[in-house]
Amino acid sequence: MVNYRDLELKPNVYAAICPSREVLALVGEKWVSLVIGALDGKTMRFGELRRICEGISQKMLTQTLRKLERDGLVSRTLYADVLPIKTEYRLTELGRSLLPIVQAAKLWAEENLHQIEENRVLYDKNNQ
């Protein structure tokens, strides 16, 4: 497999072969954005994250946290010396750098929710 870096090309999300598309897709995932936002300035355990991110399944939260840990956005600390074993999650510096984007998207969604809903009703009414 050819490494994009080996081709000495600048990242370009519009280029089909550029892995920056995968990064952009990651940022756009619903649960990724919610977990990043939930961890804003906090260290949390799995159960806390699951309660805050209402509707996420245990499996999906596990997959999301593993993905974020693999990409270096979240760090996991395991406390094996206590029973029951305790695991905590927090944003890394890279993860914290994503917060302004997640917060802006959250704010935009909340501020424009009613307009989007109205537009959907009008569209559906006119396109029946």
Quiz item: Quick one: how many residues across segment 15-39 are part of a helix (DSSP H, G or I) and either more than 23 Å from Leu107 (Cα to Cα) or in contact with a strand residue (DSSP E or B) (Cβ under 8 Å, 6 or more places away or on another chain) (or both)?
Solution: 6
Practice problem: Select from segment 88-112 the residues that are of a type in the set (Ser, Thr, Tyr) and surrounded by 15 or more Cβ atoms within 10 Å (Cβ to Cβ) and list them in ascending order. | Solution: Tyr89, Thr92
Quiz item: Does Lys42 qualify as being surrounded by 11 or more Cβ atoms within 10 Å (Cβ to Cβ) and in a helix (DSSP H, G or I)?
Solution: no
Exercise. Find all pairs meeting these conditions: Cβ atoms under 7 angstrom apart; at least six residues apart or on different chains; first residue within segment 71-90 and assigned to a loop (DSSP other than H, G, I, E, B); second residue of a type in the set (S, T, N, Q) and surrounded by 11 or more Cβ atoms within 10 Å (Cβ to Cβ).
Key: Gly72/Thr92; Leu73/Thr92
Quiz item: Of all residues in segment 40-54, which are under 24 Å from Ala104 (Cβ atoms) and not charged (D, E, K, R)?
Solution: Gly41, Thr43, Met44, Leu49, Ile52, Cys53
Quiz item: What is the number of the single condition among (1) within 14 Å of the chain's Cα centre (by Cα); (2) surrounded by 10 or more Cβ atoms within 10 Å (Cβ to Cβ) that Arg70 does not meet?
Solution: (2)
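Computed from the coordinates by the stated procedures, all read-outs in this text should not be read as laboratory data. Here the structure is a predicted model, which means the values were calculated and not measured. In this analysis, Cβ positions are derived from the backbone assuming ideal geometry, glycine residues included, and neighbour counts consider all displayed protein chains.
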